[in-house]
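FYI, it's all coordinate maths here, none of it is from the lab. The structure presented is a predicted model; accordingly, all values stated were derived computationally and were not measured. When we count neighbours, we look across all protein chains shown, and the Cβ atoms used for this are built from the backbone with ideal geometry, even at glycine.
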Amino acid sequence: MKVTLLQKQVPDQIIMKVLFLELEQHLKSSSGASVVAIDNKIEQAMDLVKSHLMYAVREEVEVLKEQIKELIEKNSQLEQENTLLKTLASPEQLAQFQAQLQTGSPPSSSQSQGTTTQQPAQPASQGSGPSA
């Protein structure tokens, strides 16, 4: 019956149980010097885990810094584009946009999308030539 129970357990669990039992027996029969040696090994292992964790955290911080930098650049580009579109938009378009913001509804009709998309695009191509 015990054999069938051991066979059903995950091999890693069996190995961990055996190692734990051997360590427990060793600690019971060991002198003070070997307990200190084990403590030193545990401390070394903890230091190793700490250094690996710090390395992983530093890598993640670098990735996040790069993402922040990219997002700041993208935000700046979008702000410049927004400013340009505001200057190129007619007063009617600005009024229509403000009305849509107040009602909270996005431009749903193809006519309002067409006027918003087409009219600023034409002056933008004309205005960008001489100003550049």
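Quick notes on this one:
- Measuring r between the beta carbons of ALA37 and VAL57 and using R0 = 22 Å, the FRET efficiency lands at 0.10.
- Net charge of the neighbourhood of VAL18, taken over other residues with C-beta under 13 Å away and scored Lys/Arg +1, Asp/Glu -1, is -2.
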